[in-house]
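The values are calculated or read from the model by the stated rules, or taken from the named source; none is laboratory data. The shown structure was predicted, so the numbers you read here are calculated from the model rather than taken from an experiment. Quick reminder, even Gly has a Cβ in these numbers, built from the backbone with ideal geometry, and neighbours come from all protein chains shown. Keep in mind that these areas ignore ligands, DNA and RNA; they rest on the heavy atoms of the full protein, side chains included. Shrake-Rupley method; radii C 1.70, N 1.55, O 1.52, S 1.80 Å.
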Amino acid sequence: MGVTLPIYLDNHATTKPDPRVIEAMLPYLSEVYGNASSTDHIFGYTARDAVEKAREQIAHFIGARAANEIVFTSGATESDNLALFGTAEAYAEKGNHIITCVTEHRAILDSAEKLARSGKTVTFLPVDHYGRVDPQDVRRAITPHTILISIMMANNEIGTIANIGEIGHIAHEHGVVFHTDAAQAVGHIPVDVQKLNIDVLSLSAHKFYAPKGTGALYVRRSLPRIKLAPIIYGGGHERGMRSGTLNVPGIVALAKACEIAAKEMKKEAKRFQTWTTWMLDQLRKELDGVELNGDPIERLPHNLNISIEGVESKSLIIGLKDIAVSAGSACSSEKAKAEPSYVIKALGFGEARAHSAIRIGLGRENTQEEIEYAVHRIIEEVKHIRENVHSIISNPFK
Ligand SMILES: *Cc1c(COP(=O)(O)O)cnc(C)c1O
């Protein structure tokens, strides 16, 4: 088959920057190098104008009312930290209770655990077999002391899309701030902060074809107006919520990625959906014991997470040298890597399912030939592993 190896299928970890995004940001890495806060001269205000234009594009892309509702950060990890620590401090007089869920990204879980150690009360809601949080569980968990609900829009391992609109509605009925980590959703599925009742939203540039190191936090300015205490202090940039010289090239790139997604997302999603459906069908046709992890319908179109009975994801991934898939999230700690996925475990199917989970994340550059090749290789490798296991079992002296 005419494919170039290796094939990248790990687009939930990061994506390859789109050439159009790189082209748009290049001038801001060279000639247009001014500090966006140094507006006493043309160098500074040229940079500032680019940032403000980008801010408007990004705000528009996620349905925000005003450009100044966008706060630039270094990525979704920082946005998540700012959302949690920032509301915990700003609303400390109102209450001390936070609601989140067990399948969140570590940026949320670790921040929430830190808040719990410093005296806040945190509820970690469970999920069902599909990885969905029951909005009624959210409602029941709310107390008069609840100040924040943080539920991710789309899961980075299993692709399950949460019922964000309903959870946001429940939060607003109770006057509680609603945050969502939308790092996997923005640029892939339609996101509208007004329609979905979102107050605070995290996004990350490198998850949708822009470079790493830039993100944003949407912070609602009206109905209701959200206050956030900063976690980084300095020059008072970003309305005091996030000090530090702005990453102008990264911000321009992020806006370009939004512009491209606005035009191409829908068509792209359709293509990915066809491919993931086809892949699952093929795998099930050729192999026994293939289970889909996550919601079969409410899922990211470019995600496929499967567990293959009796096949350890680690052995499978080692065998699949020419295709880049992953056993779970891209967390860097060695401890986290040795453990099976906490997200798959939370689905309630037992440890074995978590030990045999592999995540496939399709991207803009993938071709039909690559998808066909990947499926062919997975089937081949699983059969190979199963035959070896079988021969070991049937011949104990081998
Ligand atoms: C990637 C990711 C993050 C972290 O984003 P960075 O920009 O890499 O810091 C947070 N949450 C989710 C759901 C993610 O997928």
Seminar exercise, completed: Of (1) open to solvent by less than 20 Å² (accessible area, probe 1.4 Å); (2) within 16 Å of the ligand (Cβ to nearest atom); (3) assigned to a helix (DSSP H, G or I), Thr87 fails just (2)
For this session: Can you work out which of the residues in segment 161-176 that are open to solvent by 10 Å² or more (accessible area, probe 1.4 Å) and either within 16 Å of the ligand (Cβ to nearest atom) or of a type in the set (A, V, I, L, M) (or both) is nearest to the chain's Cα centre (by Cα)?
Result: Ile161
Exercise. Only one residue in Glu93, Glu104 is closer than 27 Å to Arg221 by Cβ and either open to solvent by 10 Å² or more (accessible area, probe 1.4 Å) or not assigned by TED's automatic domain parsing to the domain that holds Asn81 (or both), so which one is that?
Worked result: Glu93
Exercise. With (1) closer than 30 Å to Ala324 by Cβ; (2) within 16 Å of the ligand (Cβ to nearest atom); (3) assigned by TED's automatic domain parsing to the domain that holds Lys227; (4) buried (at least 19 other Cβ atoms within 10 Å of the Cβ) as the list, and Met25 as the residue in question, which single condition is left unmet?
Worked result: (2)
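Taking only segment 53-84 into account, find how many residues are out of contact with any Leu (no Cβ under 7 Å at 6 or more places or on another chain) and within 18 Å of Asp110 (Cα to Cα).
Step one: list which residues in segment 53-84 are out of contact with any Leu (no Cβ under 7 Å at 6 or more places or on another chain), which gives 53, 55-57, 59-61, 63-70, 74-75, 77-78, 80-81.
Subsequent filtering for residues that are within 18 Å of Asp110 (Cα to Cα) retains 74-75, 77-78, 80-81.
Number satisfying all stated conditions: 6.
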Exercise. Of the residues Ile158, Ile147, which single one is hydrophobic (A, V, I, L, M, F, W, C) and away from the ligand (no atom under 13 Å from the Cβ)?
Worked result: Ile147
Exercise. What residue, among those in segment 328-344 that are under 20 Å from Val127 (Cα atoms) and open to solvent by 30 Å² or more (accessible area, probe 1.4 Å), is modelled with the highest pLDDT?
Worked result: Tyr342
For this session: Taking the residues in segment 129-143 that are away from the ligand (no atom under 16 Å from the Cβ) and open to solvent by less than 70 Å² (accessible area, probe 1.4 Å) as candidates, determine which candidate is farthest from the chain's Cα centre (by Cα).
Result: Thr143
Exercise. Would you call Thr146 touching a residue at least 40 places away in the same chain (Cβ under 8 Å), within 19 Å of Ala185 (Cβ to Cβ) and of a type in the set (Val, Ile, Thr)?
Worked result: no
Exercise. When residues of segment 93-108 are filtered for being of a type in the set (Gly, Ala, Ser) and either within 16 Å of the ligand (Cβ to nearest atom) or without any contact (Cβ under 8 Å) to a residue 40 or more places away in the chain (or both), how many remain?
Worked result: 1
